[in-house]
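Undergrad: My questions will all concern the structure given below.
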Amino acid sequence: MQMDGLLPYLKEHQSEIIRKIWEGKYKPNPVRRIEIPKEEKGKARKLGIPTVVDRLIQQAVTQELTTLFEPQFSENSYGY
């Protein structure tokens, strides 16, 4: 799905996506795998690219969880 088609798609499928998330039935689409060549000859790094909708959902969940858990972390703690 291209970015210009995202908004109409989300408007049309909004209630279905939200319902599946709340019911725990949302299944992300398979990640698109590509290989990026490394500077070393013949070597490549694998990269996974989620769909735009899945990435949008991941970002929304991250923003919500960050507001809940960020205050609990110590100022001296670094999470990766």
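Every number here is computed from the coordinates shown, using simple stated rules; none is lab data. If you're wondering where the values come from, they're calculated on a predicted model, not measured in any experiment. No Cβ is skipped: glycine too gets one built from the backbone with ideal geometry, and neighbour counts run over all protein chains shown.
Undergrad: Amide H to amide H, which residues 5 or more places from residue 26 or on other chains are under 5 Å from it, using H placed in the peptide plane?
TA: 21
Undergrad: Can you give me the relative contact order of the chain as a percent, contacts being Cα pairs under 8 Å and 6 or more apart?
TA: Once divided by the residue count of the chain, the mean separation gives 23 percent.
Undergrad: Less than 10 Å Cβ to Cβ from residue 27, Lys/Arg counted +1 and Asp/Glu -1: what total charge do the surrounding residues give? Let's see the in-between values first.
TA: Values: positive: 20, 25; negative: 54.
Within the 10 Å Cβ shell, the charges total +1.
Undergrad: To continue, here is another question. Roughly how many nanometres apart are two label points built 7 Å out from the Cα toward the Cβ at residue 45 and residue 65?
TA: Result: 2.3 nm between the two label points.
Undergrad: To check my understanding: the extent here is largest minus smallest coordinate of the Cα atoms along each principal axis. What are those three numbers for the chain, in Å, largest first?
TA: For the chain, the Cα spread along each principal axis is 48, 42, 24 Å.
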